[in-house]
């Protein structure tokens, strides 16, 4: 007769195999979309470039230090993307700017998703007055466009990397809380949740172990798309002078600096614009691919 330990081990093995098979199934469906795979490849390329940026250029000498004798040089072998009006290498500023845009986008969405999942879980699971209070607060935030809310917060706190991160994080919380709440409302009265309650399982464990894992698909898709929106908001706020402080390289601030030279040196605007478009397009393609891969109606 199999003892308890062997039975537990066998159950754990079955769960691991099932989890692996689910991930493999999702990956198989994701791979069927050529656009989604192209977006994934492009995002990986941008991340790799951001990671190895110090190996490709010197931050202080190429991206920050002013070198007026070589200002406004067109793209050449020495400066493949040319130099700006301060003689700084545009290529160096682009690759170091990728670090800022991607890191702020990832960090802000991570913070907002944690807060949104927490608020949405409490509101959806407990309902009643708690639900009304939290959702009315989210409605107030949703009444303002996210970019306008971010501008308001940055204007109140002042420009800077940390304040920019706080502003974008707060502006995205309502999106995640609404998605999580709607998912929980459709799950919380199902039989396996009732069985967990009847066994005396604590509410916190039910939410963390049973409800949120079943709502993780929409959260992942929204997070991917929100990172793309966050990159646009970072660039927009920096373009308006409310984001990253100069001389730190950032794509939006590079657009703002280059707009004065659009007539004679178009590359100062075109190159950072292409960087923004590529990163946002890659994340949108990934988000669309994940939405299809995680949709249970498309399994067959």
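Numbers for the structure displayed
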{"item": "Tally of residues being touching a residue at least 12 places away in the same chain (Cβ under 8 Å), farther than 15 Å from residue 261 by Cβ and assigned to a loop (DSSP other than H, G, I, E, B) across region 45-78", "result": "5"}
{"item": "One residue from 283, 268, 294 being under 19 Å from residue 112 (Cβ atoms), touching a helix residue (DSSP H, G or I) at 6+ places or on another chain (Cβ under 9 Å) and buried (at least 16 other Cβ atoms within 10 Å of the Cβ)", "result": "283"}
{"item": "Matching entry among 123, 167 (being within 21 Å of residue 250 (Cα to Cα), buried (at least 17 other Cβ atoms within 10 Å of the Cβ) and modelled with pLDDT of 85 or more)", "result": "167"}
{"item": "Lone qualifier among 252, 258, 289, 273 - being part of a helix (DSSP H, G or I) and closer than 30 Å to residue 29 by Cα", "result": "289"}
{"item": "Among residues of region 94-111, those that are crowded, with 24+ Cβ neighbours inside 10 Å and under 20 Å from residue 221 (Cα atoms), counted", "result": "5"}
{"item": "Qualifying helices (runs of 4 or more DSSP H) (wholly inside region 158-248; at least 3 residues being in contact (Cβ under 8 Å) with a residue 40 or more places away in the chain)", "result": "161-187, 216-239"}
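The values are calculated or read from the model by the stated rules, or taken from the named source; none is laboratory data. Just so it is clear, the structure is predicted and the values come from calculations on it, not from any experiment. Using ideal geometry, Cβ is built from the backbone for each residue, glycine included, and neighbour counts are taken over all protein chains shown.
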